[in-house]
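To start, the structure under review is shown below, and the notes come after it.
The values are calculated or read from the model by the stated rules, or taken from the named source; none is laboratory data. If you're wondering where the values come from, they're calculated on a predicted model, not measured in any experiment. Positions of Cβ are backbone-derived with ideal geometry, glycine not excepted, and every protein chain shown enters the neighbour counts. Heads up: the accessible areas ignore ligands, DNA and RNA and are worked out on the full protein's heavy atoms, side chains in. Shrake-Rupley method; radii C 1.70, N 1.55, O 1.52, S 1.80 Å.
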Amino acid sequence: MSPSFTRFSLSVQPEGAFTVLAAARQLAAAGKDVIELEIGDSPYASPEGAVEAGIQAIRDGRTSYGPSVGLSEFRAAVADYVNEEHGFSVEAEHVIAGPGAKTFEQLFCEAFLEADDGVLVFSPHFPTYAANIARRGARMVLSSLRAADAFRPSLDDVRRFLEEDARPKAIFLNSPHNPTGGVATEADLAGLADLVRGRDVAVFSDEPYDCMVWAGRHHSLLAQPGMLEQTVAAYTFSKSFSMSGWRLGYAVSSLENIAVLDLLTNTALSCVPPFTQIAGAAALWHDRAYRDARIQDFQRKVELLVTGLNGVDGITCLMPGGTFYVFPSVAAICNRVGITSHGLAMYLLEGADDQVGVACLGGECFGEAGAGFLRLSCAQPDERLTAAVSFIAEASTRTPRIESYLDAYPEFRSAELYSLD
Ligand SMILES: Cc1ncc(COP(=O)(O)O)c(C=O)c1O
């Protein structure tokens, strides 16, 4: 007999991008030309300095266990880097290594949340927040991000949460924001810091897109007075350094918080591979010009996609403040043909054409607040992005084909109209 699974494990929803990625790869293997705009991964090679240092470190035998908190040379390189890039004043001891940024969601929740604690999450939101909060039996309290506010966090909602929730304990902040591309301003962060300062409230500041801000520069909550003690800020090499498969990231916080994250890392992971950290340190020292060139490519692609999508009947798309995602409203198309935005995404992949498909995500993959939108990543050659826009424009007018897709998949019929705001 198979033992029964926990209620938690049965409730976990995977990151939708990986599910659509699997479906897209299956169709591509069967011969379909799929333009893949679903996964938030860089199409570029990892930088040369990192690759060489990583290979050399393996040759040098840096292949044993290392300290759970990370190698001292990696932590020192990160501290110098974030001080220079983000204006922090931290030491190597304020840094902990991790296998990407995602792990820190779980460690943060283990460090700060008890059952039934309230956690404010701005939504749409990165999908794995829900599982990590649920893992601790804590409660997710949602604050909707709105296109009319350029998807910036609402301080009124923060105030209400702190004053009215039975056990307000944590806030998940993500800026630049996946999936909307919204960026919190320095004034937003100062206001947030003023609200939480001195309370028994911890902030998880998820900052994987710190180098992808399209106007001005990135601001972190950590730079606000007193916030080092109350914030765990998570960063990654996955995006701007094109190193997602190396699984390397880090978090920055106070010495007390890092000590607890170190302990939790020890019980869950032992350590991040030393040669990976050596590669990451080399990227920080030697590969910033490469990073910047790739980021300029992303900015051009984002602009190309936004301009193209705004030319499609029924689509309106804000220029994101940051990230390599665009988040167009497709509410008018969905309302016209009676399909959900997730259904529209699946139709574009599977149903619109026998030879060609576009893989992207319905906004619902990021919570109900994302309904009526699509998320497209820009990680494809320019001509493929242009082809995707033409395909979406054409496919969304093929009403009989949409109807027969909905006959085959009635679960994608929308029950009500989306707001056109
Ligand atoms: C908001 C957000 N947090 C965390 C992650 C996880 O990144 P990593 O590859 O560093 O684990 C991503 C990746 O898409 C993300 O968009």
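General remarks:
- The residue among G245, F327, L305 whose Cα reaches farthest toward the positive pole of the charge dipole of the chain, with charges on the beta-carbon of Lys, Arg, Asp and Glu, is G245.
- Ordered by solvent-accessible area of protein heavy atoms (1.4 Å probe), largest first, the residues Y409, Y418 come out as Y409, Y418.
- In Å², nearest 10: area of R62 left accessible to a 1.4 Å probe: 90 Å²
- Length-normalised contact order for the chain - Cα pairs under 8 Å, 6+ apart - percent: 23 percent
- Distant-in-sequence amide contacts of V203, defined by a placed amide H-H separation under 5 Å and a gap of 5 or more residues or a different chain, comprise I171, T231, V232.
- Taking the accessible area of the range 64-286, probe 1.4 Å, and keeping the other protein chains in place, the carbon and sulfur fraction comes to 50%.
- Accessible surface, 1.4 Å probe, highest first, among residues T307, T399, T128: T307, T399, T128
- The simple Förster model, with R0 at 41 Å and r as the Cβ-Cβ distance, assigns E48 and T19 a FRET efficiency of 0.75.
- Sequence-ordered 3J(HN,Hα) estimates for the range 85-92 from the Karplus curve with 6.51, -1.76 and 1.60 and θ = phi - 60° stand at 7, 10, x, 7, 10, 10, 10, 3 Hz, glycine and proline given as x.
- Between 0 and 90°, nearest 10: helix 274-286 axis offset from the chain longest Cα axis: 80 degrees
- Here is how the number arises for the chain: DSSP H runs of 4 or more residues each give -39500 (n - 2.57), the sum is divided by the residue count, and the result at 222 nm is -12500 deg cm²/dmol.
- The heavy atoms of V141 offer some 40 square angstrom of accessible surface to a 1.4 angstrom probe.
- Solvent-accessible area per residue, Å², over the range 374-421 with all protein chains present [probe radius 1.4 Å]: 56 Å²
- Between A28 and S9, the distance separating the two model label sites (each 7 Å from Cα on the Cα→Cβ line) works out to 3.1 nm.
- Cut-off 9 Å between beta-carbons: net charge of the residues surrounding F126, Lys and Arg +1, Asp and Glu -1: -2
- Under-5 Å amide H pairs with V34, H placed in peptide plane, nonlocal only: G357
- Note on K239: lysines with a C-alpha under 19 Å away, same-chain residues under 8 apart excluded, are K102, K301.
- Taking every alpha-carbon pair under 8 Å whose residues sit at least 6 apart, the range 64-286 reaches a relative contact order of 30 percent.
- Angle between the chain longest axis and helix 382-395 axis [Cα atoms, degrees, rounded to 10]: 40 degrees
- Accessible surface computed residue by residue for the range 59-182, with neighbouring protein chains in place and a 1.4 Å probe, gives 40 Å² per residue.
- Förster radius 35 Å - calculated FRET efficiency between A148 and R401, Cβ distance, rounded to 0.05: 0.60
- E114-D80 FRET efficiency (beta carbon distance; Förster radius 45 Å; 0.05 resolution): 0.80
- Per-peptide average of other Cβ atoms within 10 Å, ordering 320-326, 88-94 highest first: 320-326, 88-94
- Relative to the longest principal axis of the Cα atoms of the chain, the long axis of helix 399-408 lies at roughly 70 degrees.
- Each of D157, D313 has its accessible area taken with a 1.4 Å probe; listed largest first, they run D313, D157.
- Highest average packing first - 21-30, 205-214, Cβ atoms within 10 Å: 205-214, 21-30
- Principal axes of the chain: Cα extent on each, largest first, Å: 61, 59, 54
- Antiparallel DSSP beta bridges within the range 126-266, percent to nearest 5: 30 percent
- Here is the size of the range 1-74 from its Cα atoms: Rg then Dmax, 20.0, 52 Å.
- Computed extension length for E164-S419: 89.0 nm, one decimal, from 0.36 nm per residue of separation with the Cα-Cα distance subtracted.
- Reducing the range 245-261 and the range 101-172 to their Cα centroids gives an inter-centroid distance of 19 Å.
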